[in-house]
């Protein structure tokens with residue numbers, strides 16, 4: 001699914017109006033009708049509703065919603081927030097259509113903006129839309145503060161008033177609605193994916209308002225939201241006569257004497273994701289536990305008892321990953337440097353592998369093109385420099401991918417994958433239960449497995465991240481967020497595949 005900026009969203013509206021064809025007032029009616037359908041499904045008709053409408057087109061949507069909900073027998077109170085005397089044309093038309101309705105219309109102005117909300121009601125926010133480009137101040141900020149203080153459930157139309165669609169508001173004390181739900185029209189907004197905006201988004205729901213399919217197909221954009229259909233089309237269907245040799249032989253370099261669990265988790269995940277053969281290169285001390293924990297993996301034992309110090313022969317493998325539980329000792333750094341020099345294929349680098357890169361940043365220029373880094377935010381900041389906001393971090397992520405020809409999987413809620421061409425893919429699966437030790441090791445094993453199965457680096461990242469999140473979602477439905485551990489993600493990879501196939 002494409003994630004568009006504000007100017008592109010406006011282009012989509014204009015293209016639809018010109019090529020469907022449909023008038024702008026009728027497109028507004030259609031958008032509002034879709035919102036009303038959602039409200040009818042989720043809010044009891046006996047609950048009163050207070051609707052706040054600005055004087056732009058987002059307010060026009062709110063006026064149509066007020067009229068349609070009144071027709072459906074909701075008790076509607078309408079508040080026109082008159083922050084300007086310049087009404088948009090479609091707002092004017094819809095305000096005129098309300099003249100003979102049973103709706104109580106109140107005008108809130110600088111000199112008089114008092115209102116009362118019924119305690120058992122819900123609120124619809126249509127004050128400002130996605131075109132907002134500066135912070136909200138004055139009496140409108142007071143109105144927003146009172147709505148938030150009411151603790152009533154709020155539904156924002158398209159985007160919460162006060163939230164900017166394309167960028168973070170630099171003001172830490174931003175005045176914005178805190179909705180329970182956001183009904184996003186036609187396309188998701190980049191603002192939905194920044195952690196700082198969580199309270200100003202709530203649960204967002206994408207509503208199809210019938211933007212012309214030709215525009216959707218042809219519009220060029222930087223960001224995508226990965227959905228099930230995207231990864232379903234990637235998955236390679238196995239032949240009846242397939243054998244293990246067709247599904248790759250991967251090398252995982254991982255583990256140290258006190259972090260052998262990371263190597264085990266990554267190894268299990270790799271095999272569960274469809275890998276044909278796996279060799280795990282581990283310190284000697286792992287020999288007693290590893291074959292018991294995962295008998296399906298072959299072992300390559302380091303000469304060192306406790307850490308990675310020796311690069312094995314690479315000729316047998318068609319995919320290599322390094323990092324989970326590795327440690328950052330000097331001997332491990334020297335052995336990893338040799339890997340970077342000798343590898344003739346893209347590498348998957350995670351955890352301590354990234355930490356080693358952070359201490360040796362000149363190595364980035366020598367990584368094989370198409371290599372994959374899978375940092376969490378702190379690991380990324382060590383590599384690319386501290387970022388004040390998640391927006392700044394995402395910009396650096398894209399720049400680093402383009403500069404060095406890398407795929408960077410920046411882990412977290414809505415994990416993002418940046419590509420060497422500047423595109424970014426935002427993941428739609430996953431949940432807070434996955435914020436647990438070892439979850440990243442599992443992802444490393446899954447991406448390694450897909451690389452060995454001859455998926456491209458881009459496909460391996462997108463499919464691996466989506467499967468990882470989906471397995472976590474299936475586990476969470478059974479176990480709840482609080483009780484999940486990384487092994488639960490591994491245990492549900494198979495069900496994630498079944499769900500998709």
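General observations
- DSSP bridge pairs, the range 324-434: antiparallel proportion in percent, nearest 5: 55 percent
- Pairs of Cα atoms farther than 20 Å apart, the range 373-455, %: 33 percent
- Debye-sum result for the range 325-384 in log10 I(q)/I(0), which assumes one identical scatterer on each alpha carbon, at q = 0.12, 0.13, 0.17, 0.30 Å⁻¹: -0.24, -0.28, -0.50, -1.51
- For the chain, share of DSSP beta bridges that run antiparallel, in % to the nearest 5: 15 percent
- Legend: ranking of residues 193, 215 from fewest to most surrounding C-beta atoms inside 10 Å; resulting order 215, 193.
- Using the empirical formula 2.2 N^0.38 Å as the baseline, the Cα radius of gyration of the range 33-96 reaches a ratio of 1.11.
- In the range 2-221, the inverse of the mean reciprocal separation of distinct Cα atoms equals 17.4 Å; this is its Kirkwood hydrodynamic radius.
- Separation of the residue 241 and residue 203 label points, Cα + 7 Å toward Cβ, nm: 5.0 nm
- Kirkwood Rh, angstrom, the range 132-280 [1 / mean 1/r, Cα pairs]: 20.0 Å
- A Förster radius of 30 Å combined with the Cβ-Cβ distance from residue 133 to residue 85 puts the calculated FRET efficiency at roughly 0.95.
- Once C-alpha pairs closer than 8 Å and six or more residues apart are averaged by separation and normalised to the residue number of the chain, the relative contact order reads 12 percent.
- Rounded to the nearest whole angstrom, the semi-axes of the ellipsoid equivalent to the range 230-500, taken from the Cα gyration tensor as √(5λ), stand at 24, 23, 19, largest first.
- The slack in the chain from residue 403 to residue 101, taken as 0.36 nm per residue of separation less the alpha-carbon distance, amounts to 102.7 nm.
- Peptides 196-209, 111-124 ordered by packing proxy, namely the average of other Cβ atoms within 10 Å per residue, highest first: 196-209, 111-124.
Every read-out reported here was derived from the displayed coordinates using simple, explicitly stated rules and does not represent laboratory data. Since the model is a prediction, treat every value here as computed from it, not as a measurement. Reconstructed Cβ throughout: ideal geometry from the backbone, glycine too, with neighbour counts over all protein chains shown.
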